[in-house]
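The values are calculated or read from the model by the stated rules, or taken from the named source; none is laboratory data. For clarity, every value in this text was computed on a predicted model and none was experimentally measured. Reconstructed Cβ throughout: ideal geometry from the backbone, glycine too, with neighbour counts over all protein chains shown. The protein model used for the area step is the full one, side chains on, heavy atoms only, and it has no ligands, DNA or RNA in it. Shrake-Rupley method; radii C 1.70, N 1.55, O 1.52, S 1.80 Å.
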Amino acid sequence: MILDKDTNIVYLSRKLKEWNTDFFNRLTRLMDEMYIHWELLNYTRDIWIRDFMPIQMNDNEFIKYKYYPDYLRNSKDKRYITNCKQACKSIGVTYKETNYIIDGGNIVPCEEYLIMTNKVFTENDKSINDIVLTKQLEELFGCKIIFIPWHKISEDEPYGHADGFIRWCGGNKILMSNHRETSPIEATEIRSILEFKGFEVTEMLFNTPNPEPDWNWAYINFLQVQHKIIMPFLGISEDKQAQKYIQTAFPDCEIRGIRMRNIAKYGGALHCITWNIKIP
């Protein structure tokens, strides 16, 4: 599977430019300064491009899943589901198609493993850790999958995406969000599962007088393209500590930040609004 460090182009939804022109201009200007190549993707219906675009397995192989999340299934919100086939055709991306219901934000590749939350089971009308679906997904992606727990704890977070909890840092290193502040039991479960699989987990725990978990969850949802990282800045006291965590986890990367409270307040950040791939 293609990893972030292998990618060389970032796609952004055209809806992002229409919906928040100021942020779009600041982000693309920053990417230009960092010599990160970017392009716009047409035919999109929302800004969260990560969730509906295919997974890149190698230079010329993509897997397109069925994007039909439970949080967009009512008649009002179905209009936000992008026709991925049309979007892919517009940029010449061909793919292998599967009917498994998956969100791209729920896929975190870790070289020999792939990490997903167990929400993928309920999305596909299966019991948690269903053996048959597990085997089918591992055959589809060609690697072992680690399923971490997710429980819906509020109406503000119906997504259950692994990229909102953890990022692989290379080797056996995992950087984990501050999930412990809002769900300590689940955070302990996630950490225990990853450590059992041999990973060394660093949690982003913030030493500030008044931590703001309504915002500081977003730091883990950064964008990495090769050895360049753009991370969310939220205008809170945790910004500097978060940058230190990420710099320590990725010592060879150039790290820049961008203010994005006006995006993060909708439940996603930089990884969610980008789709980075490798073009040969």
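Quick look at the numbers
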item: Breaking point among (1) open to solvent by less than 10 Å² (accessible area, probe 1.4 Å); (2) touching a Lys or Arg at 6+ places or on another chain (Cβ under 7 Å); (3) of a type outside the set (S, T, N, Q), for W150; result: (1)
item: Residue that is nearest to R50 (Cα to Cα), among those in segment 108-142 that are among the β-branched types (V, I, T) and under 19 Å from the mean Cα position of the chain (by Cα); result: V108
item: Subset tally (residues that are touching a Ser or Thr at 6+ places or on another chain (Cβ under 6 Å) and part of a strand (DSSP E or B)) for segment 157-177; result: 1
item: Residue, most open to solvent (accessible area, probe 1.4 Å), within segment 253-280, restricted to residues that are part of a strand (DSSP E or B) and in contact with a Gly (Cβ under 9 Å, 6 or more places away or on another chain); result: R259
item: Wholly enclosed strands (runs of 3 or more DSSP E) of segment 196-239 bearing at least 3 residues open to solvent by 10 Å² or more (accessible area, probe 1.4 Å); result: 200-203
item: Subset of segment 1-59 (residues that are open to solvent by less than 50 Å² (accessible area, probe 1.4 Å) and on the phi > 0 side of the Ramachandran plot); result: none
item: Residues being in contact with a strand residue (DSSP E or B) (Cβ under 8 Å, 6 or more places away or on another chain) and in a loop (DSSP other than H, G, I, E, B) - total across segment 178-195; result: 1
item: Any hit, segment 119-126, residues being surrounded by fewer than 17 Cβ atoms within 10 Å (Cβ to Cβ), touching a Leu at 6+ places or on another chain (Cβ under 9 Å), modelled with pLDDT of 95 or more and among the basic types (K, R); result: yes
item: Strands (runs of 3 or more DSSP E) within segment 1-97 that include 1 or more residues of a type in the set (S, T, Y) and in contact (Cβ under 8 Å) with a residue 40 or more places away in the chain; result: 9-13
